[in-house]
């Protein structure tokens, strides 16, 4: 894991920072010298993470917000202040068939996976433009481009995020703002293991290397896209799925 000071003097906001990929991203950015604003829904988990990362030398603080609520999302942006790096990692994923997905579930996917990044970029990108510096990274999903018999609302919301990435790269690129997405395949997180239960090991069979992704692997890519080493990368959707299988093995 990176331990340099490439991001010293920069402030990052990481949504969904209390678990999974978001937590690994927050740790990486803090270790590279960034001041990190952690976001999550659970204040107790957030404060525990603040203590954990502070003990490692990180400069971090936590803001609780509900990204299904537009006003609360805008409050998060206001309380975060001037942000140089925005990582939209928070996500909702419910892999249900279309007939079993009601309007509330559909709206929840788009509220968190697409609308929240839209509102945060709308609130925070103007400050980046004034400073002529900024990096915005979205955590997408292979579900945006690999159809499955379940999870249509999730896949559609992540496809929307990919398209927003390309629009924003065009809209803000001339002002020195880069916008990119990392698109992981299945990743072993608390959420995916809880959802799959005893079937969690099936994730190992989803790519050619035969091993499910780990949060730290995706976080390293996010950190690359967020930092100066990727200065010539803008509007990209970086696929990180371990190598696509044409079909799952029997």
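Within the range 22-42, residues that are at negative phi and touching a residue at least 60 places away in the same chain (Cβ under 8 Å) have Cβ atoms under 6 Å from residues that are assigned to a helix (DSSP H, G or I) and crowded, with 24+ Cβ neighbours inside 10 Å in these pairs: 24/219; 25/219; 25/222; 28/219; 28/223, counting only partners at least 6 apart in sequence or on another chain. Considering the range 146-170, and only residues there that are in contact (Cβ under 8 Å) with a residue 40 or more places away in the chain and farther than 19 Å from residue 96 by Cβ, the residue that is surrounded by the fewest Cβ atoms within 10 Å (Cβ to Cβ) turns out to be 170.
A single entry from 81, 57, 155 fulfils the requirement of being out of contact with any strand residue (DSSP E or B) (no Cβ under 9 Å at 6 or more places or on another chain) and on the phi > 0 side of the Ramachandran plot: 57.
Confirm whether residue 213 is closer than 20 Å to residue 88 by Cβ, modelled with pLDDT under 95, buried (at least 20 other Cβ atoms within 10 Å of the Cβ) and out of contact with any strand residue (DSSP E or B) (no Cβ under 9 Å at 6 or more places or on another chain). Full working, then the answer.
On the way: closer than 20 Å to residue 88 by Cβ: yes; modelled with pLDDT under 95: yes; buried (at least 20 other Cβ atoms within 10 Å of the Cβ): yes; out of contact with any strand residue (DSSP E or B) (no Cβ under 9 Å at 6 or more places or on another chain): no.
No.
Which of the numbered conditions does residue 122 fail, given that it passes all the others? Conditions: (1) under 16 Å from the mean Cα position of the chain (by Cα); (2) surrounded by fewer than 16 Cβ atoms within 10 Å (Cβ to Cβ); (3) more than 30 Å from residue 243 (Cα to Cα). Evaluating residue 122 over (1) under 16 Å from the mean Cα position of the chain (by Cα); (2) surrounded by fewer than 16 Cβ atoms within 10 Å (Cβ to Cβ); (3) more than 30 Å from residue 243 (Cα to Cα) leaves (1) as the failure.
Only one entry in 137, 202, 150, 233 is modelled with pLDDT under 95, in contact with a helix residue (DSSP H, G or I) (Cβ under 9 Å, 6 or more places away or on another chain) and not in a helix (DSSP H, G or I), namely 150. Note on the range 121-134: residues that are within 22 Å of residue 230 (Cα to Cα) and part of a helix (DSSP H, G or I) total 9.
Residues that are in contact (Cβ under 8 Å) with a residue 60 or more places away in the chain and under 18 Å from residue 176 (Cβ atoms) within the range 93-144 comprise 124, 135, 137, listed in sequence order.
Okay, residues lined up against (1) out of contact with any helix residue (DSSP H, G or I) (no Cβ under 6 Å at 6 or more places or on another chain); (2) surrounded by 19 or more Cβ atoms within 10 Å (Cβ to Cβ); (3) within 20 Å of residue 119 (Cβ to Cβ):
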site	(1), (2), (3)
31	yes, yes, no
45	yes, no, no
56	yes, no, no
71	yes, no, yes
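The values are calculated or read from the model by the stated rules, or taken from the named source; none is laboratory data. Computed from a prediction, not measured in an experiment: that's the story for all the values here. For neighbour counting, all protein chains shown are included, and Cβ atoms are generated from backbone atoms with ideal geometry for every residue, glycine included.
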